[in-house]
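See below for the structure under consideration.
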Amino acid sequence: MNLYEYQAKELFKKYGISIPSGKHVASEKDLQWEKFPVVVKAQVLTGGRGKAGGIKFANDSKDLMEKGKDVLAMSIKGLKVRSLLLEEKLDIAKEYYVSVTLDRSTKRPIIIASTSGGVEIEDVPDSKIVKYWIDPTIGYSPFVGREVAFKLNLPPDESKQFQAILARMFSLYEGYDCELVEINPLVVLKNGKVLAGDAKVVVDSDSLFRHTDLSENPAERTDLEELAYKRGYALVELGGDIGVIANGAGLTMATLDGLTLKGLKPKNFLDLGGSDDVEKVVGAFQILKEAKIRAILINIFGGVTHCDTVANGIAEAKKRVGIGVPIVVRLSGVNEDIGRGILKEHGIEAYSDMMDAINEVVEVVK
């Protein structure tokens with residue numbers, strides 16, 4: 001379960017991690033602050049708020065009311081802003097990055113830190129990132145903090161504060177069964193104080209019965225995701241322009257990877273699952289018709305879902321839905337020859353190899 005920034009900072013406060021003074025605001029009538037300037041932060045479960053205009057600065061009460069209303073009226077990456085976090089504006093000298101998460105490949109907690117904070121960690125060169133794996137049979141010790149701070153080459157006073165914050169982050173990570181505890185940026189003020197400028201916490205949803213102080217946040221959905229949810233489909237909107245329909249989460253993710261490998265950007269993750277139903281296929285096309293896309297890629301490995309059923313669904317959707325963009329199909333598995341024959345009758349060639357189909361998508365969107 002993803003926590004909003006204000007919820008994550010409440011946990012930070014509980015564990016003694018320094019944070020700016022702030023206030024959670026759920027409506028316009030609560031847009032009040034005493035000491036200006038103040039930062040107005042949109043509370044949404046996605047990144048990129050600043051670039052989207054979801055973080056603003058207000059210099060007085062009137063300015064706060066205007067900017068607070070503006071942000072509350074926003075949608076960021078398709079998600080409606082329903083509340084704000086008001087915080088004191090910080091006098092920042094430096095920005096660092098630090099997180100604790102699980103490295104699934106080693107099955108160990110990993111600390112990731114960098115002196116390049118305030119940007120996506122994926123954009124930071126490996127040469128500027130420090131990684132430290134925690135042996136779960138030993139756990140965290142003060143030595144870990146000293147080692148990470150040393151590798152970051154932090155000045156003595158910053159190093160001491162950093163080590164204290166890192167130890168508390170790891171305590172939070174273990175104490176709340178977290179999948180991620182992240183501070184980006186971890187800021188150093190001009191007066192030398194180190195505190196969490198931002199906060200991201202992801203808690204394992206299966207552990208919520210142990211944490212009665214947390215209630216599960218309702219899922220935030222884009223308009224397209226809400227439409228799919230109401231119609232019984234598993235869909236995640238991604239922001240590209242290639243519509244994707246596949247069956248099985250693993251195959252769907254492989255399809256997204258294949259498109260990305262070829263420089264294309266998927267619009268969505270849509271998993272048909274194991275349903276052998278023509279109308280289920282038609283319904284998937286009806287959903288993607290509402291999306292802004294340049295092409296649709298269907299990737300089916302026939303098992304429970306038969307290839308001829310999917311082919312009939314595609315043919316039916318082509319007649320009833322009026323797609324309006326190129327359709328590229330990969331069919332493999334049960335009744336694939338029958339499925340290819342059906343599609344050929346409707347002017348659609350079906351590929352047996354996923355990458356051949358993806359290469360065709362590259363061609364049709366040129």
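The values are calculated or read from the model by the stated rules, or taken from the named source; none is laboratory data. For clarity, every value in this text was computed on a predicted model and none was experimentally measured. Heads up, the Cβs are rebuilt from the backbone with ideal geometry, glycines too, and the neighbour counts pull from every protein chain shown.
General remarks:
- Residue count for the range 314-361 satisfying the condition of being hydroxyl-bearing (Ser, Thr, Tyr) and buried (at least 16 other Cβ atoms within 10 Å of the Cβ): 2.
- Residue pairs meeting the criteria (Cβ under 9 Å; at least 6 apart or on separate chains; first in the same structural domain as Trp33 (by TED's automatic domain parsing), in the range 62-76; second of a type in the set (Ser, Thr, Tyr)): Leu72/Ser27; Leu72/Ser83; Ser75/Thr222; Ile76/Thr46
- Selection within the range 322-353 - out of contact with any Gly (no Cβ under 6 Å at 6 or more places or on another chain), of a type in the set (A, V, I, L, M, F, W, C) and closer than 21 Å to Ile242 by Cα: Ile323, Val325, Ile327, Val328, Val329, Leu343, Ile348, Ala350
- Residues of the range 233-254 that are within 16 Å of Val328 (Cβ to Cβ) and surrounded by fewer than 16 Cβ atoms within 10 Å (Cβ to Cβ): Ala254 alone.
- Where helices (runs of 4 or more DSSP H) sit wholly within the range 252-366, those with at least 2 residues that are under 17 Å from Gly239 (Cβ atoms) occupy 278-289.
- When Gly118, Gly175, Gly192 are checked against the criterion of being of a type outside the set (Phe, Trp, Tyr), surrounded by fewer than 17 Cβ atoms within 10 Å (Cβ to Cβ) and at pLDDT below 95, Gly118 stands alone in meeting it.
- Cβ-Cβ contacts under 7 Å between residues 6 or more apart (or on different chains), taken from a first residue in the range 300-321 that is in the same structural domain as Thr252 (by TED's automatic domain parsing) and more than 16 Å from Val244 (Cα to Cα) to a second residue that is buried (at least 19 other Cβ atoms within 10 Å of the Cβ) and β-branched (Val, Ile, Thr), are listed as Cys307/Ile300; Asp308/Ile342; Asn312/Ile342; Ala315/Ile342; Glu316/Val282; Arg320/Val282; Val321/Val282.
- Options Ser105, Ser127, Ser99, Ser116; residue that is polar (S, T, N, Q) and either assigned to a strand (DSSP E or B) or in contact with a Gly (Cβ under 6 Å, 6 or more places away or on another chain) (or both): Ser99
- Any hit, the range 127-139, residues being more than 25 Å from Leu189 (Cβ to Cβ) and surrounded by 16 or more Cβ atoms within 10 Å (Cβ to Cβ): yes
- Qualifying residue in the range 186-205 (condition: part of a helix (DSSP H, G or I), more than 26 Å from Leu85 (Cα to Cα) and not β-branched (Val, Ile, Thr)): no
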